[in-house]
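Here is the structure we will look at, set down as structure tokens.
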Amino acid sequence: MSLQPAIVWFRNDLRLMDNPAVAYAVSSGRPIIAVYVHDPKGPLATGAAAKWWLHHSLVSIGAGLTAIGGELTLLSGNCVETVERLASDTKAGAVYWNRRYAAAQIDADKRLKTSLKKAGCEVQTFNGNLLREPWEVETKTGGYYRVFTPFWRSLQHGGPARVETYTSPSKLNAYSAVASESLTEWGLLPSDPDWASEFPTHWSPGEAGAAKRLASFLSGPANTYGEERNRPDLACTSRLSPHLAFGEISPLQIWNTTRSAIASGAVDAAEGDKFLSEIAWREFSYNLLYHFPDIAAAPMKREFEAFPWRQSPGDLAAWRRGRTGIPIVDAGMRELWRTGWMHNRVRMIVASFLCKNLLIDWRDGERWFWDTLVDADAANNAASWQWVAGSGADAAPYFRIFNPVTQGEKFDPEGVYVRRFIPEIAGLPAKYIHKPWSAPNDVLQKAGVSLGETYPRPIVSLAETRKRALDAYDVIRGRIQ
Ligand code: FAD
């Protein structure tokens, strides 16, 4: 008797290597229906820049499946209803997927699992995207970690839940009687204007691009990562974040490959560990997302509900467009717009400027990042915004306010990064590049800079807004535990 088909529901795990749901489906011997469901009206709908990535990532996984005898079926609609219908139409005997961790996604997956099981369908779910499930990492008293360092120690001590990665299947038995929608018709790519035109020079979405990125990082920048990871003028970080956000590489692949590189002496142990500790920050964010499902909407420190945020559409627009007159902030916001990504140090600087100097609610920043980052990630984005705003678990205290000029001078000492993204002030000497307003008139003139015309004057005084932020913080300070 022939086996009923199995559906493998791809979500943010667009890879064949180390994909537990795929590996299980192949070992089941069932004919496989590989499906991706586009649910633009669902919760956590993909942001604009991430849609560009998604398009190319689907092309890549589709080609990967075809190469081994499979095919990718594209369907759109409410994801629960679509998978239910697909299972019923194809008389599927099983549905397999890798787990997700946002509350709305967990809820959808639970509802689907219940209805499929009721209909007599086997359902198996797997951990494909984390080193350890959030419920597997517990403090000694049985709670969840709210502080990173002990979380990291526990992960170092216990290691990943799985030791070996799954290999990529070399052959797939496809069930091919399902009609697919057209990716082009989904309209994921921007047009008129094509604001993503520069993206392809920076990124290669897909599993092969992810593996190449990891290999080139480990064979070079990894050895100076600890020191240079804070320098936006140097290309010293891995830039794996969008690949991780779409699951084109698993954290276990990164963990094991980095550990091997350390063991062989190719990567210095301290530097490699520092890199893995950043992978652990991602795990920590997922741990927070799971245990604090409201993380994108509500401050983890509830006292921050009473924080007197300002409404200023004008300031928010200047921030978004990279027109605040503070060079390192503007360079970051323009890097984001042009490339879909921003260096971590600069993310911290622009976020601090928004929440503290402009006193604008971190949720406005979180939403803008969600729409403009190719690596937009429900856990990392919300947890990081709360960290900078001071309202998160293990957050930087609110009163620690970054001075963007000092930050720029420290981490972009020659102004290479600022010049790359703000050509209108590129002619300024390094001494003034992070504070053009302090340059003498003849220096400005020589560099072709006319403040207020070719480049904005600062929209706020850094000293005054620092004081204003501390006063605002005093409103809630007494309530912080
Ligand atoms: P590397 O330094 O090479 O680090 C390797 C990996 O570790 C990253 O790809 C990422 O998965 C993880 N990682 C590194 N730093 C952090 C961190 N601070 N928190 C959590 N995980 C981390 N990261 C996202 O992936 N998506 C987001 O939407 C996102 N939003 C952010 C918003 C703000 C306000 C801030 C301050 C940070 C945000 N981050 C986000 C975290 C961090 O900036 C990026 O992960 C990092 O810049 C990605 O570059 P990389 O891959 O070269 O990092």
Which residues make up the longest stretch of the chain that has no GluC sites (Glu not before Pro) in a DSSP loop with at most 15 other Cβ atoms within 10 Å? 199-413
Could you tell me how many degrees, from 0 to 90 and to the nearest 10, lie between the Cα long axis of helix 148-158 and the main elongation axis, the longest principal axis, of the Cα atoms of the chain? 30
Cross-link partners among lysines for residue 431, C-alpha distance below 23 Å, same-chain residues fewer than 8 apart left out? 410, 446
To the nearest 20 debye, what is the magnitude of the charge dipole of the chain about its Cα centre, counting +1 on the Cβ of each Lys and Arg and -1 on the Cβ of each Asp and Glu? 720
Mind running the shape call on region 92-218? Use the C-alpha gyration tensor, a ≥ b ≥ c as the square roots of the eigenvalues: rounded below 1.5 for a/c, prolate if a/b tops b/c, oblate otherwise. oblate
Difference of contour (0.36 nm per residue) and Cα-Cα distance, residue 192 to residue 171: 3.5 nm
Which residues does the label zone of residue 3 cover in region 101-137, counting backbone N under 15 Å from a point 7 Å along Cα→Cβ? 122-124
Which FRET efficiency, nearest 0.05, do residue 323 and residue 122 yield, Cβ-Cβ r, R0 51 Å? 0.35
Report the charge-dipole magnitude of region 140-235 in Debye, nearest 20, computed about the Cα centre from +1 at each Lys and Arg Cβ and -1 at each Asp and Glu Cβ. 820
If you take the beta carbon distance between residue 133 and residue 164 as r and set R0 to 22 Å, what does 1/(1 + (r/R0)^6) give as a FRET efficiency, to the nearest 0.05? 0.80
Calculate the dipole size of region 231-385 relative to its Cα centre from +1 charges on Lys and Arg beta carbons and -1 charges on Asp and Glu beta carbons; express the result in debye to the nearest 20. 380
Computed over the chain: relative contact order in percent, which uses C-alpha pairs under 8 Å that are six or more apart: 17
Projecting the Cα atoms of 177, 19, 417 onto the charge dipole of the chain, where Lys and Arg contribute +1 and Asp and Glu -1 at Cβ, the residue farthest towards the positive end is 417
Please give the helix 48-67 orientation as an angle from the longest Cα principal axis of the chain, in degrees from 0 to 90, rounded to the nearest 10. 30
Under the rule of -39500 (n - 2.57) per DSSP H run of 4 or more residues, summed and divided by the residues of the chain, what mean residue ellipticity at 222 nm is obtained, to the nearest 500 deg cm²/dmol? -14000 deg cm²/dmol
Which of the listed residues, 256, 350, 80, is farthest toward the dipole's positive end in the chain, when Lys, Arg count +1 and Asp, Glu count -1 at the beta-carbon? 350
Just flag the trypsin sites (Lys or Arg not before Pro) in region 38-112 sitting in loop per DSSP whose Cβ has no more than 13 other Cβ atoms within 10 Å. 41, 91
Ranked list, fewest to most other Cβ atoms within 10 Å of each Cβ, for 337, 387, 135: 135, 337, 387
Just the number, please: percent antiparallel of the DSSP beta bridges in the chain, rounded to the nearest 5. 0
Starting from the Cα of residue 88, step 7 Å along the direction of its Cβ; do the same at residue 27; then give the gap between the two resulting points in nm. 3.2
How much length is gained if the chain between residue 264 and residue 475 is pulled fully straight, taking 0.36 nm per residue apart and subtracting their Cα-Cα distance, in nm to one decimal? 70.5 nm
Would you please state which residues of region 277-306 a label at residue 153 would reach in this model, taking the label point 7 Å out along Cα→Cβ and a backbone N cut-off of under 15 Å? none
Please arrange 315, 474 by how many other C-beta atoms lie within 10 Å of their C-beta, fewest to most. 474, 315
How far, in nm, would the chain grow between residue 406 and residue 298 when pulled straight, counting 0.36 nm per residue and subtracting the alpha carbon separation? 35.8 nm
Between 382, 368, 395, whose Cα lies farthest towards the positive end of the dipole of region 350-398 when Lys and Arg beta carbons carry +1 and Asp and Glu beta carbons carry -1, centred on the Cα centre? 395
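No lab work stands behind these numbers, since they all come straight from the coordinates. No experiment lies behind these values; they were computed from the predicted model shown. Positions of Cβ are backbone-derived with ideal geometry, glycine not excepted, and every protein chain shown enters the neighbour counts.
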